[in-house]
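**Student:** Take a look at this one; I'll ask things after.
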Amino acid sequence: MNEMVDVLIIGSGASGAAAAWSLADTRMRILCLEQGDWMKPSDFPSNGRDWEARRYADFDISPNRRARDTDYPVNDDNSPMKVANFNAVGGGTVMYTAHYPRMHPSDFRVRTLDGVADDWPIDYATLEPFFAENDRMMGVSGLAGDPAYPPHQPPMPPLPLGKTGARYAKAMNKLGWHWWPSDTTIATTEYDGRAPCINLGHCTPGCAQGAKASTDITYWPHAIRAGVELRTRCRVREITTNEHGMASGAIYYDADGVEQFQPAEVVIVACNGIGTPRLLLNSASSRFPNGLANSSGLVGKNLMLHPWPQVFGYVDERVDGDRAPMLSIWSKEFYETDPNRDFVRGYTLQFTRGTGIVNEAITSAAAGRLPWGQDHHSTYRKLFHKRLQIGIACEDLPEEHNRVTLDPVLKDSHGIPAPRIDYVIAENCRRMMEHGIARAEEILTAAGATNLHAARVALNSPGHLLGTARMGDDPERSVVNAWGRSHDVKNLFIVDGSIWVTSGGVNPTSTIQALALYVADSMKKRLATLFD
Amino acid sequence: MQNEITLSAEETRDLRCVAGVMIPANAEFDVPGADDAAIFADIVASLGRDFADVRLALGRLAALGGSPFADLDETRRQAVAASFQAEAGAPLAALSRSVLQCYYRDDRVIHSLGMEPRPPFPKGHVLEQGDWSLLDPVRTRPKMWRDVP
Ligand SMILES: Cc1cc2nc3c(=O)[nH]c(=O)nc-3n(C[C@H](O)[C@H](O)[C@H](O)COP(=O)(O)OP(=O)(O)OC[C@H]3O[C@@H](n4cnc5c(N)ncnc54)[C@H](O)[C@@H]3O)c2cc1C
């Protein structure tokens, strides 16, 4: 039997790492169980000539296609948006694109301001010190002074504009619309042992240079030095409870597939918006027949995935393509609610640079732009490294019918029931998408692009998995309280994207990690009365 | 993901033939076709996760043509290829991905596009800084975020 630990964290991704690091200064015995492996920079695709092909193989964003033995399958057949994730030390941050906007102050007050969904029990001001601390730990590159945000100072300068960014900037100035260099977690200088970006271009499937901040190279080395233990290839099947209805630990399968029990005084779940409800639902018992922490019935419900249309076109000269990070600038021109529009809330425009040699061919062939036969070559040369592309990060509002349940048939390699997703895009969101597509087309035209296309149906899955164990003050309307503690099980905490109340129109990881630091800090402040 | 099973001789012949129909050699750009021996060997060795769907694609092509694709005359191949493309679906996607991912990593093809045949790491690329004075009009904008109660 494993020795008792004070704190057991399940999941070592964006939030689990931040929580582990923050709690380490308590000197408690902290253990993290992670189903995945440590990643080696030398294994990342950009080391080899097959770098693009591997994005459709062992570095595919879908766990179903990737199908590493550290992955679990997800039944997402009943959703127009598919699940993207990565299961390893660092979780989704190994596989993210490192766009790093914070939520805006209005995002925490959508009911008060716009009469929809619910307000959060906390606000931007509460999170502000944790945003700053997280920016420092992850190493954010950006530029202070964005009029779309309350003041903040990223620790490193922004990524260069490049040819593509400058084209976008001129177009936005012509239209009189807001733009700003994106905050990213790509190091533009040496930072905390990380080398600066050298424009490998393929940031999403892991950065061979180590310039992209994934938590395996940011939080984890610090947390481990401070005494936290991280056990890899340990897949948790269920959280156990004792006769007092408190969490007593977790049952997991170790690297050899052997079932183990890990006792713990406190359990923190950090498995993301799909993995967390899956684990809680798999932890049903006679005392908690509907799943752990689920007296509200909301575990798994209100899944938000951020519909994300992509609009792109082609210019008549070669621009940056994949010879730089995908990220360049953002626009918040259409972020806040405008009563003159036919939808509430808004979106971020995320301007990206283009795509690689292989990916241009594959996506263009799939869309019918790239013919078979002799015309293939001349057509391809009109596309290659000439693409401008804008993503529209639409706020997804919570709806209970969008949900994660346990699939009755599908199981992972340990026989643990897999999650099933049921999700539809709401009407408000569809109107927002159309508005964003029309604006993106105006921008691309102003930037000199022609041959415009909008991907509405095959929506890019941004891997934003939110809302399935929401926070709130009312135990009947939420799963955890305002500082991440389960209403039902007083020594069970959740720190990942599942505790989100609404989704904002931004990539979530900056806010997920600020929240994790805030929850950990709240725990530290209440150590003597944590279970009251 | 290694495939225990491999394509039959007939399937291999059809795959090579359809790869050449998809991307024929071109003298103007000085590039080989996707049925070039080295490229085709790479395609066959790299089917990986697409193996089953590529096999379905080859089966479908043969069914549409009424005989192995490679046995059809040029006109009939074009017609069958067009029908197959019109049907779309996972087999077509897999077939085209399998061909394109190998074609566009061949040294000769990369050179013809004016690129260096090398992985991104460790050399990387240079990204020009760009003109940051473009930001001046945005800097002077009033605050855009909403105050909250
Ligand atoms: C392709 C892609 C691109 C993205 N780009 C961006 C971006 O540009 N900007 C941005 O902000 N966000 C981006 N994201 C999203 C970002 O990765 C997530 O928001 C973030 O990682 C979520 O953090 P988390 O802590 O909630 O969960 P994760 O980081 O997903 O961590 C969960 C961890 O829990 C582990 N786990 C799950 N279940 C178990 C179990 N039963 N036992 C043991 N371990 C378990 C998993 O292996 C994983 O390591 C992207 C995601 C993807 C996939």
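**Student:** Look at region A:198-241 and say how many of its residues are more than 10 Å from the ligand (Cβ to nearest atom), open to solvent by 30 Å² or more (accessible area, probe 1.4 Å) and of a type in the set (Val, Ile, Thr).
**Tutor:** Number of matching residues: 4.
**Student:** Name, by its number, the condition in (1) part of a loop (DSSP other than H, G, I, E, B); (2) within 12 Å of the ligand (Cβ to nearest atom); (3) over 26 Å from A:Ala366 (Cα atoms) that does not hold for A:Gly415.
**Tutor:** For A:Gly415, the failing item is (2).
**Student:** Still on this structure, I have one more. Going through region A:142-166 one residue at a time, which ones are at the interface with another protein chain (Cβ under 7 Å from one of its Cβ atoms) and farther than 23 Å from A:Tyr335 by Cα?
**Tutor:** Selection gives A:Pro160, A:Gly162, A:Lys163.
**Student:** Right, here's the next one. Which residues, counting only those in region B:94-129, are closer than 30 Å to A:Tyr347 by Cβ and either open to solvent by 70 Å² or more (accessible area, probe 1.4 Å) or touching a strand residue (DSSP E or B) at 6+ places or on another chain (Cβ under 9 Å) (or both)?
**Tutor:** B:Glu128, B:Gln129
**Student:** Among (1) more than 30 Å from A:Gly48 (Cβ to Cβ); (2) at the interface with chain A (Cβ under 8 Å from one of its Cβ atoms); (3) open to solvent by less than 30 Å² (accessible area, probe 1.4 Å), there is one condition B:Trp145 misses while meeting the rest; what is its number?
**Tutor:** (3)
**Student:** Oh, and also: Please find, among A:Thr511, A:Thr502, the residue that is within 16 Å of the ligand (Cβ to nearest atom), within 14 Å of chain B (Cβ to nearest Cβ) and open to solvent by less than 20 Å² (accessible area, probe 1.4 Å).
**Tutor:** Just one listed residue meets the conditions, A:Thr502.
**Student:** Please go through (1) touching a residue at least 60 places away in the same chain (Cβ under 8 Å); (2) away from the ligand (no atom under 12 Å from the Cβ) for A:Tyr252 and return the number of the only condition it doesn't satisfy.
**Tutor:** Only one criterion is unmet by A:Tyr252, namely (2).
**Student:** Please work out if B:Ala88 is of a type in the set (Gly, Ala, Ser) and at pLDDT below 95.
**Tutor:** Numbers: of a type in the set (Gly, Ala, Ser): yes; at pLDDT below 95: yes.
For B:Ala88, the condition - of a type in the set (Gly, Ala, Ser) and at pLDDT below 95 - is met.
**Student:** Let me ask another. Scan region B:20-71 residue by residue and report those that are among the charged types (D, E, K, R) and more than 16 Å from A:His376 (Cβ to Cβ).
**Tutor:** Hits for region B:20-71 are B:Asp42, B:Arg49, B:Asp50, B:Asp53, B:Arg55, B:Arg60, B:Asp71.
**Student:** Return only the number of the condition from (1) in contact with a Gly (Cβ under 6 Å, 6 or more places away or on another chain); (2) at positive phi that A:Gly176 does not satisfy.
**Tutor:** (1)
**Student:** For region A:76-102, give me each residue that is more than 9 Å from the ligand (Cβ to nearest atom), assigned to a loop (DSSP other than H, G, I, E, B) and within 21 Å of A:Ile425 (Cβ to Cβ).
**Tutor:** A:Ser79, A:Pro80, A:Met81, A:Lys82, listed by residue number.
**Student:** Do we have B:His111 as more than 8 Å from chain A (Cβ to nearest Cβ) and of a type outside the set (Gly, Ala, Ser) here? Full working, then the answer.
**Tutor:** Working: more than 8 Å from chain A (Cβ to nearest Cβ): yes; of a type outside the set (Gly, Ala, Ser): yes.
Considered against the rule, which asks whether it is more than 8 Å from chain A (Cβ to nearest Cβ) and of a type outside the set (Gly, Ala, Ser), B:His111 comes out as yes.
**Student:** When only residues in region A:57-106 that are over 30 Å from B:Val148 (Cβ atoms) and of a type in the set (S, T, N, Q) count, which is most open to solvent (accessible area, probe 1.4 Å)?
**Tutor:** Going through the qualifying residues, I end up with A:Asn78.
**Student:** Anything in region A:1-44 that is more than 12 Å from the ligand (Cβ to nearest atom), open to solvent by less than 50 Å² (accessible area, probe 1.4 Å) and in contact with a Gly (Cβ under 7 Å, 6 or more places away or on another chain)? List them, or say none.
**Tutor:** Within region A:1-44, A:Ala24, A:Phe44 meet the criteria.
**Student:** Based on what the data block shows, is A:Ser296 open to solvent by 30 Å² or more (accessible area, probe 1.4 Å) and either at pLDDT 95 or above or hydroxyl-bearing (Ser, Thr, Tyr) (or both)?
**Tutor:** no
**Student:** I'd like to verify a number: residues in region A:130-144 that are under 16 Å from A:Asp192 (Cα atoms), touching a residue at least 40 places away in the same chain (Cβ under 8 Å) and surrounded by fewer than 24 Cβ atoms within 10 Å (Cβ to Cβ), how many?
**Tutor:** Final tally of qualifying residues: 2.
**Student:** Let me ask something else. What number of residues within region B:85-99 satisfy the criterion of being without any contact (Cβ under 8 Å) to a residue 40 or more places away in the chain and at the interface with chain A (Cβ under 8 Å from one of its Cβ atoms)?
**Tutor:** Total satisfying the criteria: 1.
**Student:** Suppose the filter is among the aliphatic types (A, V, I, L, M), under 30 Å from A:Tyr191 (Cβ atoms) and in contact with a strand residue (DSSP E or B) (Cβ under 9 Å, 6 or more places away or on another chain); does A:Val228 pass it?
**Tutor:** Values: among the aliphatic types (A, V, I, L, M): yes; under 30 Å from A:Tyr191 (Cβ atoms): yes; in contact with a strand residue (DSSP E or B) (Cβ under 9 Å, 6 or more places away or on another chain): yes.
So A:Val228 fits the description; yes.
**Student:** Go through the residues of region A:231-241 one by one and say whether even a single one is more than 14 Å from chain B (Cβ to nearest Cβ), over 19 Å from A:Ala17 (Cα atoms) and basic (Lys, Arg).
**Tutor:** Yes, region A:231-241 contains a residue that is more than 14 Å from chain B (Cβ to nearest Cβ), over 19 Å from A:Ala17 (Cα atoms) and basic (Lys, Arg).
**Student:** Could you tell me whether region A:108-115 includes any residue that is of a type in the set (Lys, Arg) and in contact (Cβ under 8 Å) with a residue 40 or more places away in the chain?
**Tutor:** no
**Student:** Continuing with this model, one more query. Just checking: which of the strands (runs of 3 or more DSSP E) contained wholly in region A:274-354 hold 2 or more residues that are over 17 Å from A:Glu441 (Cα atoms), within 14 Å of chain B (Cβ to nearest Cβ) and within 16 Å of the ligand (Cβ to nearest atom)?
**Tutor:** Ranges flagged: A:327-331.
**Student:** If a residue has to be within 14 Å of another protein chain (Cβ to nearest Cβ), small (Gly, Ala, Ser) and either surrounded by 15 or more Cβ atoms within 10 Å (Cβ to Cβ) or on the phi > 0 side of the Ramachandran plot (or both) to count, how many in region B:28-83 make the cut?
**Tutor:** Total satisfying the criteria: 6.
**Student:** Still on this structure: Of the conditions (1) in a helix (DSSP H, G or I); (2) facing chain A (nearest Cβ under 7 Å), B:Pro119 clears all except one; give me its number.
**Tutor:** Unmet condition: (1).
**Student:** Go through region A:175-219 and report how many residues are without any contact (Cβ under 8 Å) to a residue 12 or more places away in the chain and within 27 Å of B:Lys143 (Cβ to Cβ).
**Tutor:** Qualifying residue count, region A:175-219: 1.
**Student:** Out of curiosity, is A:Ala132 away from chain B (no Cβ under 14 Å) and not in a helix (DSSP H, G or I)?
**Tutor:** Judged against the criteria, A:Ala132 is not a match.
**Student:** Related question: How many residues does region A:357-371 hold that are surrounded by 22 or more Cβ atoms within 10 Å (Cβ to Cβ) and either away from chain B (no Cβ under 11 Å) or part of a loop (DSSP other than H, G, I, E, B) (or both)?
**Tutor:** Count: 1.
**Student:** Something else now. If the requirement is being in contact with a helix residue (DSSP H, G or I) (Cβ under 7 Å, 6 or more places away or on another chain), under 30 Å from A:Arg420 (Cβ atoms) and assigned to a helix (DSSP H, G or I), which of these qualifies: A:Arg111, A:Arg55?
**Tutor:** A:Arg55
The values are calculated or read from the model by the stated rules, or taken from the named source; none is laboratory data. Note that the structure is a prediction, hence the values are computed from the model and not measured. Cβ atoms come from the backbone with ideal geometry, glycine included; neighbour counts cover every protein chain shown. Heavy atoms of the whole protein, side chains included, go into the accessibility calculation; ligands, DNA and RNA do not. Shrake-Rupley method; radii C 1.70, N 1.55, O 1.52, S 1.80 Å.
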